[in-house]
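Asker: This is the structure, below, for whatever I ask next.
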Amino acid sequence: MQTKRELIIEPIALDVEKISRPLDWRTLFGNDHPIEIEIGMGKGTFLTEQAKARPQTNFLGIEWARWFWRYASDRLRRNQCLNARTVRAEASFFLTEFVPTESIAVLHVYFPDPWPKARHHKRRLLQDKFMPVVQRILIPGGRLQVVTDHQGYFEENIEPAVRGSALTIVDYNRPGSAGEGEFVGTNFERKYRREGRPFYALAAVKQ
Ligand SMILES: C[S@@+](CC[C@H](N)C(=O)[O-])C[C@H]1O[C@@H](n2cnc3c(N)ncnc32)[C@H](O)[C@@H]1O
């Protein structure tokens, strides 16, 4: 994955070696606006559209692939999304180590890697052991939103893990930036839609 254009990632991209642990959102963003996190933002399509549309909300994108992290950070900067920040990190680790208890209004996870081979299923992010992390970081009334194209991941892991947690499943609401007929409007959704794949969406709230 190469680009000829220079990517400028400051001031959007954070260095995990230099930020406070746990994070202090007020210091980071300079305000007390609600915080939403997207795990695995890829090229940052959803995050950029949301950050532009909702300047009264702060967004954090977590991405462990360096090139995507840099691309999304540059894209957010070009769109002057100063209400957004990004980190290059593994999401479970980052949420556990850096995100304060009851501080997140919405956790977005769109098209998480499905790890289709049976011997790799244990690497799936959304499974029982991840749910205590989600429950801890969401504020009361906070929301988890997930969309995947992978039926097996959805039926074997995502739905049972959420049903077995303290969260309550609610209707999935498409974000305003989703296009006609889209669940969320990410790069992967657009690619998979062209391939005619089905989608599985779930939303749940912390009471
Ligand atoms: C299939 S892509 C989807 C990207 C984007 N959400 C979309 O829909 O276009 C999954 C992305 O999540 C990232 N990712 C997967 N597992 C992750 C983890 N545990 N922590 C951080 N990023 C992760 C991958 O690097 C990849 O960019």
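Read the figures in this text as sums done on the coordinates, not as results from a lab. None of these values were measured; they are calculated from a predicted model. All Cβ positions, glycine included, derive from the backbone under ideal geometry; neighbour counts span all protein chains shown.
Asker: Set the Förster radius R0 to 25 Å, insert the Cβ-Cβ distance between W67 and F93 as r into 1/(1 + (r/R0)^6), and round the FRET efficiency to 0.05.
Answerer: That gives a FRET efficiency of 0.80.
Asker: List, in order, the whole-Hz ³J(HN,Hα) value for each residue of segment 4-17 obtained from phi through the Karplus relation with A = 6.51, B = -1.76, C = 1.60 and θ = phi - 60°; use x for Gly and Pro.
Answerer: Here the 3J(HN,Hα) series is 8, 6, 6, 8, 10, 9, 7, x, 7, 6, 9, 9, 4, 6 Hz.
Asker: Now, a different point. Which of F183, F94, F111 moves most in a GNM of the chain, Cα contacts under 10 Å?
Answerer: The residue with the greatest mean-square fluctuation here is F94.
Asker: Sticking with this structure for a sec: Each label point is 7 Å from the Cα along the Cα-to-Cβ direction; what then is the distance between the points at E195 and I169, in nm?
Answerer: 2.5
Asker: If you build a Gaussian network model of the chain, linking Cα atoms that sit under 10 Å apart, which residue out of V162, V87, V170 swings the most?
Answerer: With Cα springs under 10 Å in the chain, the top fluctuation among V162, V87, V170 is at V170.
Asker: Grab the other residues whose beta carbon is less than 14 angstrom from that of F154, score K and R as +1, D and E as -1, and report the net. Working shown, then result.
Answerer: Values: positive: R124, R163, R197; negative: D113, D149, E155, E156, E159.
Taking every other residue near F154 into account, the sum is -2.
Asker: Quick one: check the C-alpha center-to-center distance for segment 137-178 versus segment 22-91, whole angstrom.
Answerer: 20
Asker: Among D32, D74, D128, what is the fewest-to-most ranking by other Cβ atoms within 10 Å? Intermediate values should be presented prior to the final figure.
Answerer: Values: D32 9, D74 21, D128 12.
So the ranking, lowest neighbour count to highest, is D32, D128, D74.
Asker: Could you state the orientation-averaged shadow area of the convex hull built on the Cα atoms of the chain, in nm² to one decimal?
Answerer: Numbers: hull surface 46.3 nm².
Over every viewing direction, the Cα hull of the chain projects on average to 11.6 nm².
Asker: For the chain, modelled as a Gaussian network with Cα springs under 10 Å, which listed residue fluctuates most, L28, L144, L107?
Answerer: L28
Asker: Something else about it: Excluding residues fewer than 8 places away in the same chain, name every one of the lysines whose C-alpha is closer than 17 Å to that of K4.
Answerer: Excluding near neighbours in sequence, the set is K43.
Asker: Multiplying the sequence separation of H120 and Q56 by 0.36 nm and subtracting their Cα-Cα distance, what value in nm do you get? Present the calculation step by step, with values, prior to reporting the outcome.
Answerer: Details: separation 64, 0.36 × 64 = 23.04 nm, distance 3.94 nm.
Length gained between H120 and Q56: 19.1 nm.
Asker: If each DSSP helix of 4+ residues adds -39,500 (n - 2.57) and the sum is divided by the residues in the chain, what number results at 222 nm, nearest 500 deg cm²/dmol? If you can, show how the numbers build up before the last one.
Answerer: Details: 7 runs with 55 residues, N = 207.
Computed mean residue ellipticity for the chain: -7000 deg cm²/dmol.
Asker: Right, next: Can you give the charge dipole size of the chain about its Cα centre, rounded to the nearest 20 debye, using +1 on the beta carbon of Lys and Arg and -1 on the beta carbon of Asp and Glu? Working shown, then result.
Answerer: Details: 31 positive and 25 negative charges, 108 e Å.
Rounded to the nearest 20 debye, it is 520 debye.
Asker: Multiply the residue gap between D24 and E102 by 0.36 nm, knock off their C-alpha separation, and tell me the result in nm, one decimal place.
Answerer: Going from the current span to full extension adds 26.8 nm.
Asker: A further question follows. With r defined as the distance between the Cβ atoms of R136 and L7 and R0 fixed at 41 Å, what FRET efficiency is calculated, to the nearest 0.05?
Answerer: Details: r = 33 Å, r/R0 = 0.81.
Taking R0 as 41 Å, the efficiency between R136 and L7 is 0.80.
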